[in-house]
Amino acid sequence: MNTSQPGVAAPPNPRPWVLDLTARERSTLVATFGGWALDGMDVMVYSFVIPTLIAAWHISKGQAGLLGTAALLISAVGGWLAGLLADRFGRVRVLQITILWFAFFTFLSGFTNSFWQLLMTRGLQGLGFGGEWAVGSVLMGEAIRAQHRGKAVGTVQGGWAIGWGIAAICYTVLFSVLPAATAWRAMFWIGILPALLVFYIRRNVPEPEVFSQTRARVGEGSHFLEIFSPALLKTTFLTAMLATGAQGGYYAITTWLPTFLKTSRGLSVLNTGGYLFVVIVGSFVGYIISAWLADHLGRKRTLILFAVCSFVTVTAYTFLPISNSLMLVLGFPLGFFASGSFSPMGAFFTELFPSRLRGSGQGFSYNYGRAIGALFPTSVGYLSARISLGHAISAFAVTAYLIMILAVLLLPETRGKELQVYE
């Protein structure tokens, strides 16, 4: 009998937690980690090609921000839709569809020749990558045991940094050996690679037992609008605000970071790649450490700690008059805290919503946050026409993290909660 209670950590296990996973849990971890890594690669490619597109197509920073915002806004729709479909047709099946979708439209973006064409392909890409997180996070949260859920779901989040790192390496290599007019297209063409992951998922990843048993018991009787019922409205609203803060801050920083380093700080392509590498390494370490802390300190304490530290580091990085040498050093905590803010969210949301509505609730809340957070890159772009780009980034990021902290304070702690079939 499991005696875990919300807010109480499981007894320590001397074995590394990954070795304690069953074959079923491990294959799900590999699949969702790989999916999120390749998703991150496809999404972050755009941040590297912004300066080239501005010069080649003679678009404004506001229009460049709109290209980023369009994908994020439509990804919110894709995430909610995928969550609804996952509650009805299964986590694994919908996950495969979302991966194929975003890979295809990322690849297609490399053939565009105008602002409006790229706006269309980026928007369609967003439908897929929004759905991938919504479904993958629920799948991982349900497949893993309570004592490892925070670490496992947070580790999956760490895949984003790996994908970001792959995009940074491709940027450094492609823009060094190819003309800029070809290199930016090649950056998008490599986005077809995630499609290969579908073959692994089809062979190795089963539906979580809690989902199968819940479907067998309640069938399709629940309706997605139940997440707005009096019993769940507070949870839905606060998780949506939490996601808004985390993603608004993150996108305000990462969408414009290569442009900030290249234009505001005057760094070359090679130096920009080096500075971003420090940020990306910090991001990966932040994901992993935050995931571990989520199971040991609890979801709420970890989220608040990382949000406060993100507030401080982004201000220092973009607002204060620091040298390039100090900026290189600060890149590590900038990536560490901004990315680590996401690690506890998947497990936290999984535990806050009932099993019959988990895909719908988690998909809506996270992607509502993505939709509102998507407005931040465009807002930064337009505000930077009046104040410096660094100050614009700082203003929106700080506001976002304050929203996140307030939402976390009003939610209950869920560490150690067992998922119930009858919910």
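The values are calculated or read from the model by the stated rules, or taken from the named source; none is laboratory data. These numbers come from a predicted model, not from an experiment. Here the Cβ is made from the backbone with ideal geometry for all residues, glycine too, and neighbour counts use every protein chain on show.
Could you give every pair whose Cβ atoms fall below 7 Å, whose first residue belongs to region 212-240 and is more than 17 Å from GLY83 (Cβ to Cβ), and whose second residue is in a helix (DSSP H, G or I) and modelled with pLDDT of 90 or more, counting only separations of at least 6 or pairs across chains?
Short answer, once both residue conditions are applied: LEU238/ALA407.
VAL77 is checked against (1) surrounded by fewer than 18 Cβ atoms within 10 Å (Cβ to Cβ); (2) touching a Leu at 6+ places or on another chain (Cβ under 8 Å); (3) closer than 25 Å to TYR200 by Cβ and fails just one. What number does that condition carry?
(3)
Take region 82-138 and flag every residue that is modelled with pLDDT under 85, surrounded by fewer than 24 Cβ atoms within 10 Å (Cβ to Cβ) and more than 21 Å from VAL45 (Cβ to Cβ).
Selection gives LEU84, ARG88, PHE89, GLY90.
Answer yes if at least one residue in region 47-60 is of a type in the set (Phe, Trp, Tyr), touching a Phe, Trp or Tyr at 6+ places or on another chain (Cβ under 7 Å), surrounded by 24 or more Cβ atoms within 10 Å (Cβ to Cβ) and closer than 25 Å to GLY154 by Cβ, and no otherwise.
Residues of region 47-60 that are of a type in the set (Phe, Trp, Tyr), as a first pass: 48, 57.
Still in the list and also touching a Phe, Trp or Tyr at 6+ places or on another chain (Cβ under 7 Å): 48, 57.
Next, from what is left, pick out any that are surrounded by 24 or more Cβ atoms within 10 Å (Cβ to Cβ): 48.
So of that shortlist, the ones also closer than 25 Å to GLY154 by Cβ come out as none.
No, region 47-60 contains no residue that is of a type in the set (Phe, Trp, Tyr), touching a Phe, Trp or Tyr at 6+ places or on another chain (Cβ under 7 Å), surrounded by 24 or more Cβ atoms within 10 Å (Cβ to Cβ) and closer than 25 Å to GLY154 by Cβ.
With the checklist (1) closer than 30 Å to LEU29 by Cβ; (2) free of Cβ contacts under 8 Å to residues at least 60 places away in the same chain in hand, flag the one item VAL177 doesn't pass.
Condition not satisfied by VAL177: (1).
Of the residues that sit in region 383-404 and are at pLDDT below 80 and touching a helix residue (DSSP H, G or I) at 6+ places or on another chain (Cβ under 6 Å), which one is nearest to LEU334 (Cα to Cα)?
So, considering only residues that are at pLDDT below 80 and touching a helix residue (DSSP H, G or I) at 6+ places or on another chain (Cβ under 6 Å), the one nearest to LEU334 (Cα to Cα) is GLY390.
Tell me which of these VAL210 doesn't satisfy, since it passes every other one: (1) over 30 Å from MET44 (Cα atoms); (2) among the aliphatic types (A, V, I, L, M); (3) touching an Asp or Glu at 6+ places or on another chain (Cβ under 9 Å); (4) modelled with pLDDT of 85 or more.
(4)
So, of the residues in region 356-375 that are at pLDDT 80 or above and within 23 Å of SER60 (Cβ to Cβ), which turns out to be surrounded by the most Cβ atoms within 10 Å (Cβ to Cβ)?
Selected residue: GLY373.
Filter the helices (runs of 4 or more DSSP H) completely within region 119-211 down to those with at least 3 residues that are small (Gly, Ala, Ser).
Working: elements: 146-177, 180-189, 197-204.
Qualifying helices (runs of 4 or more DSSP H): 146-177, 180-189.
Tally time: how many residues in region 293-318 are over 15 Å from ILE405 (Cβ atoms) and surrounded by fewer than 17 Cβ atoms within 10 Å (Cβ to Cβ)?
Total satisfying the criteria: 2.
Could you run through region 26-62 and say how many residues are more than 23 Å from the chain's Cα centre (by Cα), assigned to a helix (DSSP H, G or I) and hydrophobic (A, V, I, L, M, F, W, C)?
Qualifying residue count, region 26-62: 5.
Conditions: (1) surrounded by fewer than 24 Cβ atoms within 10 Å (Cβ to Cβ); (2) modelled with pLDDT of 70 or more. HIS223 meets all but one. Number of the miss?
So HIS223 meets the others, but not (2).
Taking into account only those residues within region 113-163 that are of a type in the set (D, E, K, R) and in contact with a Ser or Thr (Cβ under 8 Å, 6 or more places away or on another chain), which is nearest to ILE280 (Cα to Cα)? Break it down stepwise before answering.
First pass over region 113-163, keeping only residues of a type in the set (D, E, K, R): 122, 132, 142, 145, 149, 151.
From what's left, in contact with a Ser or Thr (Cβ under 8 Å, 6 or more places away or on another chain): 122, 132, 142, 149.
On the way: ARG122: 23, GLU132: 21, GLU142: 28, ARG149: 24 Å.
So, considering only residues that are of a type in the set (D, E, K, R) and in contact with a Ser or Thr (Cβ under 8 Å, 6 or more places away or on another chain), the one nearest to ILE280 (Cα to Cα) is GLU132.
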